[in-house]
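Chemist: Structure provided below as structure tokens; questions to follow.
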Amino acid sequence: MRRVMVMDVFTHPIAQKYLNRSGVSHAISVAEYAVQLAIKHDVNPDLAAKAGLLHDIGHYEWYTNGKWDYEQYVKNDIHAIKGAERAHKLLIRLGEDRQYAKEIALAILLHTDSYLPENSIKKSSLQQIIRLADEMDEEPFGKHHYRKINREDAMKKIAKLDQEVERLIREYRKTV
Ligand SMILES: [Fe+2]
């Protein structure tokens with residue numbers, strides 16, 4: 001089966017719509033960190049790249065009188081739940097392996113526990129990696145969501161990620 005490329009995911013109109021909302025630059029950085037962490041922790045880098053890229057696509061904006069309302073956001077946020085569902089739908093549509101799509105969706109669901117009553121879930125390595133990669137790119141007051149990247153640089157970074165994943169996956173396949 002042909003691997004669904006990170007580029008296929010990135011350029012899909014649904015991904016573009018939501019990534020532009022939550023920050024393309026942040027999404028790409030988290031995907032890059034996730035791949036580096038995947039190497040260290042023996043996790044499938046393809047899943048790490050995709051989960052990293054898509055981890056925030058469930059974000060939506062909370063506005064009060066036309067202004068971004070951080071308090072409302074913190075109180076009512078369920079972006080991990082929405083993101084997991086959106087990512088899963090998109091990946092299945094692109095022909096992703098169903099088990100992979102499930103693992104990616106679960107990593108997105110659990111990349112934050114801000115909406116969970118308590119932090120009591122035992123997480124898989126992939127789930128821990130996405131959470132860690134997200135934290136590595138975080139800036140105070142959610143500034144990482146507003147960092148800009150131009151289209152050309154974004155496409156270059158995504159193509160590089162695919163190359164890296166291709167290379168790593170050959171190594172990874174030897175170990176599992
Ligand atoms: Fe994030």
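Since every read-out is calculated from the coordinates, none of them should be taken as a lab result. None of the values given here were measured: they were computed from a predicted structure. We place every Cβ from the backbone using ideal geometry, glycine too, and count neighbours over all the protein chains shown.
Chemist: Going through the cross-link list 89/122; 102/160; 67/122; 17/160; 89/156; 89/157, which pairs have a Cα-Cα distance over 32 Å in this structure?
Modeler: Working: 89/122 25 Å; 102/160 25 Å; 67/122 37 Å; 17/160 22 Å; 89/156 25 Å; 89/157 24 Å.
Too far apart for the 32 Å limit: 67/122.
Chemist: Tell me, which longest segment in the chain has none of the GluC sites (Glu not before Pro) that fall in DSSP loops with at most 11 further Cβ atoms within 10 Å?
Modeler: Details: sites that count: 61, 118.
No qualifying site falls inside 1-60, the longest such stretch.
Chemist: Where nothing but the Cβ of Lys and Arg (+1) and of Asp and Glu (-1) is charged, how large is the charge dipole of the chain around its Cα centre, in debye to the nearest 20? Mind showing how you got there, number by number?
Modeler: Working: 28 positive and 26 negative charges, 112 e Å.
So the magnitude is around 540 debye.
Chemist: Taking a quarter of the surface of the convex hull around the Cα atoms of segment 1-148, what do you get in nm²? Display every interim value, and only then the final one.
Modeler: Numbers: hull surface 35.4 nm².
If I average the Cα hull's projected area over directions, I get 8.9 nm².
Chemist: Could I ask something else about it? Assuming 0.36 nm per residue, please report the length gained on full extension of the stretch residue 139 to residue 99 beyond their Cα-Cα distance. All intermediate terms of the calculation are to be shown ahead of the outcome.
Modeler: Working: separation 40, 0.36 × 40 = 14.40 nm, distance 3.26 nm.
Additional length available on full extension: 11.1 nm.
Chemist: Give the residue list of chymotrypsin sites (Phe, Trp or Tyr not before Pro) in segment 86-164 that are DSSP loop and have at most 14 other beta-carbon atoms within 10 angstrom. Walk me through the intermediate numbers first.
Modeler: Values: sites: 100, 115, 141, 146; in loops: 115, 146.
Here the chymotrypsin sites (Phe, Trp or Tyr not before Pro) that fit, given the DSSP loop and packing criteria, are 115, 146.
Chemist: Let me ask another. Measuring from label point to label point, each 7 Å out along Cα→Cβ, what is the residue 167 to residue 92 span in nm?
Modeler: 3.5 nm
Chemist: DSSP loop (so not H, G, I, E, B), at most 10 other Cβ within 10 Å: list which trypsin sites (Lys or Arg not before Pro) in segment 49-147 pass both filters. Present the calculation step by step, with values, prior to reporting the outcome.
Modeler: On the way: sites: 50, 67, 75, 82, 86, 89, 93, 98, 102, 122, 123, 131, 143, 147; in loops: 122, 123, 147.
Taking segment 49-147 and a limit of 10 other Cβ atoms within 10 Å, the loop trypsin sites (Lys or Arg not before Pro) found are 122.
Chemist: Helix hunt in the chain: which complete DSSP H runs extend at least 20 Å axially by C-alpha with mean Kyte-Doolittle at least 0.0? Display every interim value, and only then the final one.
Modeler: Details: long enough: 24-41 (25 Å, 0.69); 79-93 (21 Å, -0.34); 151-175 (36 Å, -1.35).
In the chain, the long hydrophobic H runs are 24-41.
Chemist: So for the pair residue 71, residue 1, with labels modelled 7 Å out along Cα→Cβ, what separation do we get in nm?
Modeler: Spacing of the two 7 Å Cα→Cβ label points: 4.8 nm.
Chemist: Modelling each spin label as a point 7 Å along the Cα-to-Cβ direction, I'd like the residue 148/residue 21 distance in nm, to one decimal.
Modeler: 2.2 nm
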